[in-house]
Amino acid sequence: MINSRYYPISAYYNPEFITRNEGKIKVEGYVTDIITDMTLDWLQKERKPDQPFMLMYLHKAPHRSWLMAERHLNEFTNKKFPEPETLFDDYSGRTSPAAEAEMSILHHMSWSGDNKVFPEVMDELGIPEIGYDKLRYAYENKRFTPSQAENFRKAYAKINEDIKANYAGMTDKDKMRWKYQRYLQDYLGTIKAVDENVGRLLNYLETNNLMKNTIIVYTSDQGFYLGEHGWFDKRFVYDQSFKTPLLIAWPGKTKPGSRSDALVQNLDFAQTFLDAAGVSAPADMQGESLVPLLKGENQKWKREAVYYHYYEYPAEHMVNRHYAIVTANYKLIHYYYVEDQWELIDRKKDPQELKNVYNDPAYAKIKKELHAQLEQLRKQYRDSDQLSQGFVDKFMDDASQGKVFGVSKEKVEQIKARRAK
């Protein structure tokens with residue numbers, strides 16, 4: 001992991017690792033392959049075969065800036081992907097935070113750092129930088145070996161020739177479509193290496209007779225926008241970022257191929273592992289064991305709503321602070337701090353989440369019920385306006401001192417002025 005004020009990211013190529021025995025080391029290769037090599041090495045050399053183990057196998061991919069492995073460069077830079085229905089969402093049906101967020105593929109995804117347009121091509125075409133555009137590009141490219149750099153340039157030469165030939169005549173819609181294709185090519189190419197390497201790990205477990213007595217959880221820290229609502233990144237409580245992939249295999253307990261639409265959260269994992277191991281969970285833990293669902297005992301699952309709270313504002317992508325209750329049928333969302341706005345989404349009638357029905361009289365009863373449920377969840381999880389204010393005060397103090405990535409001091413002053421009105 002490389003941490004600095006300007007590059008709070010780890011590298012895809014030839015990354016550094018902080019290790020227990022050797023301190024900081026640099027390893028040549030592609031990060032997804034290297035992490036898997038290290039994981040398999042631990043299983044083979046350090047795991048004690050006569051004792052239970054818990055392994056957390058965590059990847060950098062597919063974080064920004066989506067650099068795929070050399071072996072996938074030519075395959076994915078030539079693919080074309082279908083566009084999501086909401087790629088050109090104008091945000092007119094919701095409150096202001098959706099339109100104000102800085103995660104538009106068109107306006108906020110960088111040409112060089114994200115879409116791999118060579119900096120000299122940007123200069124030739126007069127394309128203005130977006131954010132840390134060329135810095136992002138330079139950070140990864142300076143890490144390449146000569147052969148890696150050559151392969152990268154060859155693979156993206158066609159992309160750069162295409163933008164040189166067409167940029168002058170491109171409308172905003174054309175640019176959005178072009179950048180979307182570049183985004184999907186790189187993102188899915190990056191994901192392919194994850195798929196391959198997860199396969200390597202599963203093959204090891206199978207070969208060494210560990211599958212039958214191992215619970216395998218395949219998940220992420222959140223979902224991700226792949227062009228839906230015209231966005232990349234995450235943060236909002238809308239489905240593409242709020243819903244998180246979750247696959248669990250528990251041989252002998254969970255029926256292969258079974259599915260569940262129960263409302264579960266990542267805070268349930270700890271209690272699940274404790275329950276599976278026959279250990280009582282501490283009383284102050286806030287999740288619930290998923291064991292009943294994993295055993296097909298769905299009638300024992302009682303949760304009807306989940307709670308969400310996003311605090312990180314102002315920050316890169318500028319998604320306003322909000323908390324929400326999510327049920328099977330509805331979302332009630334409260335945006336606060338800069339604006340005091342509410343959204344009510346009917347998840348069944350409006351699966352694309354395009355229309356706020358908070359002020360629709362037809363939803364008056366359900367709105368009242370959701371408000372009551374929301375307050376109950378806030379009490380259950382010990383959240384409050386007072387607690388939020390503490391986060392706000394500390395975060396704004398850091399932002400005012402230039403300590404928050406992606407936010408200038410000028411932006412902070414603009415936000416303060418808006419709040420003062």
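Readers should treat all values here as calculations from the given coordinates under stated rules, not as data from a laboratory. Keep in mind that this is a model prediction, so the values were computed, not measured. Note: ideal-geometry Cβ built from the backbone for every residue, glycine included; neighbour counts use all protein chains shown.
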Discussion item. Between the range 176-219 and the range 11-68, what is the separation of their alpha carbon centroids in Å?
Written reply: 14 Å
Discussion item. Below 8 Å, C-alpha to C-alpha, sequence gap of six or more: please give me the relative contact order for the range 1-111 in percent.
Written reply: 14 percent
Discussion item. Below 8 Å between Cα atoms, with a sequence gap of 6+, how large is the relative contact order for the range 305-421 in percent?
Written reply: 23 percent
Practice prompt. Just need the Rg to Rh number for the chain, please, alpha carbons only, Kirkwood Rh.
Written response: 0.97
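How much length would be gained if the chain were fully extended between Leu40 and Ala364, taking 0.36 nm per residue of separation minus their Cα-Cα distance, in nm to one decimal? Before the final figure, lay out each step's value.
Details: separation 324, 0.36 × 324 = 116.64 nm, distance 5.58 nm.
Gain on stretching Leu40 to Ala364: 111.1 nm.
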Discussion item. Under a crude label model (7 Å from the Cα following the beta-carbon direction), how far is His371 from Tyr204 in nanometres?
Written reply: 5.4 nm
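For the chain, what is the relative contact order in percent, using Cα pairs closer than 8 Å and at least 6 residues apart in sequence? Mind showing how you got there, number by number?
On the way: 547 pairs, mean separation 57.2, N = 421.
Computed value for the chain: 14 percent relative contact order.
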Item to complete: Please give every one of the lysines within straight-line cross-link reach of Lys80, meaning a C-alpha to C-alpha distance under 26 Å, and leave out same-chain neighbours fewer than 8 residues apart.
Response: Lys60, Lys116, Lys134, Lys154, Lys158, Lys164, Lys173, Lys175, Lys179, Lys192, Lys234, Lys243
Discussion item. Please report the spacing between the Cα centers of the range 257-276 and the range 374-421 in Å, no decimals.
Written reply: 31 Å
Discussion item. Ratio of alpha-carbon Rg to the 2.2 N^0.38 Å globular estimate for the range 254-361, to two decimals, please.
Written reply: 1.33
Worksheet item: If we sort 274-281, 171-178 on the protection proxy, mean other Cβ atoms within 10 Å, highest first, what's the order?
Response: 171-178, 274-281
Worksheet, complete the sentence: Cα gyration tensor of the range 305-421 diagonalised, 5x eigenvalues square-rooted, in angstrom largest first, produces semi-axes 29, 16, 12
Response to the item:
Once both label points are put 7 Å beyond Cα along the C-beta direction, the Arg20-Met285 separation in nm becomes 2.3 nm
